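A short worksheet on the structure shown next.
The values are calculated or read from the model by the stated rules, or taken from the named source; none is laboratory data. All values reported here derive from a predicted model rather than from experimental measurement. Cβ: placed from backbone, ideal geometry, glycine included. Neighbour counts: every protein chain shown. SASA here: full protein model, heavy atoms, side chains in, ligands and nucleic acids out. Shrake-Rupley method; radii C 1.70, N 1.55, O 1.52, S 1.80 Å.
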2 protein chains.
Amino acid sequence: MNAVVIVAGGSGRRAGGPLPKQYITIGGKAIVLHTIDCFFRFDPDIRVILVLAPGHEDHWKKVSTGYDRSDEVILAKGGETRSRSVRNGLIYVEDGWIVGIHDAVRPFVSPETIGRCYRAAEESGSGIPVVEMDQSVRMIGPEHGSASLDRSRLRRVQTPQVFRSELIRKAYQNAGDQSYTDDASVYEALYGNVGLVEGNIENIKITTRVDLQLAQLLLQEGDVQRGRYSG
Amino acid sequence: MNAVVIVAGGSGRRAGGPLPKQYITIGGKAIVLHTIDCFFRFDPDIRVILVLAPGHEDHWKKVSTGYDRSDEVILAKGGETRSRSVRNGLIYVEDGWIVGIHDAVRPFVSPETIGRCYRAAEESGSGIPVVEMDQSVRMIGPEHGSASLDRSRLRRVQTPQVFRSELIRKAYQNAGDQSYTDDASVYEALYGNVGLVEGNIENIKITTRVDLQLAQLLLQEGDVQRGRYSG
């Protein structure tokens, strides 16, 4: 059985305007619904758990009115931190399942990326989508100065980050209140390694107002759905 | 005296279409002209050296017709590699100058970013614009596996990368035919460290077709910010 915890906990103020970005409509549908549909397309029987930030219930009610699968979406309460939100979502997932954790504001994850992640998790415990680094990167030294990193060895990390449910649950218990950059790092802290699979470059995280405009372009063109997008 | 070597050596085929991306028109003007104007705005007396890829002379002639400062742009020949192109551009720069090396397809570098880079180079020998990392990053291990990097210590590197001219020239001589990720790394290989300054996040490198669409959005936004659009 597959499940996905979609984290929509952020207030999303960075996108500008009063409406959190996951509830903004692009192509006639709220971003969060685009995102959910990606997973229903992957597996019509997937359990979808949507973690709502406190106070966002009305936003959800509004955008999901008329959405034909809203009854199949389980709502979970968002916490103070992202980590707390993920844990709240994992409550609705049973042991022995494969569970993805995905950003509500990544509506352009491809079916191929989702499939690769879930397959890898089933086979090895975890599957994380990554894409090549498209720019030069430096690391700031602990004291001062910086060093250029070998770009060919760097990967940008996306979501869904997919795991065997009992493994990621245990990893979160192990993590306690420590802060991690993402779910893969929580998993890695306990198990030492995560499985990397190929993501898709249009799987952007819609954070800023410019991201939002880019998202509208991507959607209008329909290139994402038709697979015509080429880097 | 300030100079800038603008590298337009790439064939830019990734942007789609037959026209290299630096010659594509956005907002009524070729991208490369937007880029050049950023530097003339910073210093009306700057020496601008444009390195053209072999066979691109006609593209330049076409987009620069009617451009009021085209006579002030020195054309240099692009080489087989980016490194060779930069060296060819540096021929037109004298010792004791401050020289920036900039991508032709970065037309959104801000005046503040340019100023910070040239000031840092004057004071310390080098000035490289960087911005915070906006996503999780992993490094692939030498054998297998990967490790999450501390995002707070990572910086994305932009251009212009600015140096005291005699220092970067010597660094390139020292580099020989070795391959480096960027000019900062060439400099660093000889002098051990580079000066980092704050870049600006709109200073994107227009590489893909989606970047190009984003560029058009950014240009409209810039116009809005400058009060040229009332809608």
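Checked against the criterion of being at pLDDT 90 or above and open to solvent by 60 Å² or more (accessible area, probe 1.4 Å), the range B:134-144 contains not a single residue that satisfies it. Being facing chain B (nearest Cβ under 8 Å) and either under 25 Å from A:V86 (Cβ atoms) or not hydroxyl-bearing (S, T, Y) (or both) is a description that applies to A:Q135. Collect the residues in the range A:186-195 that are farther than 19 Å from A:H102 by Cα and within 7 Å of chain B (Cβ to nearest Cβ), keeping them in residue-number order. Result: A:N193, single match.
Among the conditions (1) hydrophobic (A, V, I, L, M, F, W, C); (2) assigned to a helix (DSSP H, G or I); (3) crowded, with 18+ Cβ neighbours inside 10 Å, the only one that B:V162 does not satisfy is (2). Filtered by the rule that a residue be assigned to a helix (DSSP H, G or I) and either surrounded by fewer than 13 Cβ atoms within 10 Å (Cβ to Cβ) or within 14 Å of chain A (Cβ to nearest Cβ) (or both), the range B:165-185 gives B:A171, B:Q173, B:A175, B:D183, B:A184, B:S185. Entry remark, the range B:78-103: residues being more than 17 Å from B:A175 (Cβ to Cβ) and modelled with pLDDT under 95 number 1 in total.
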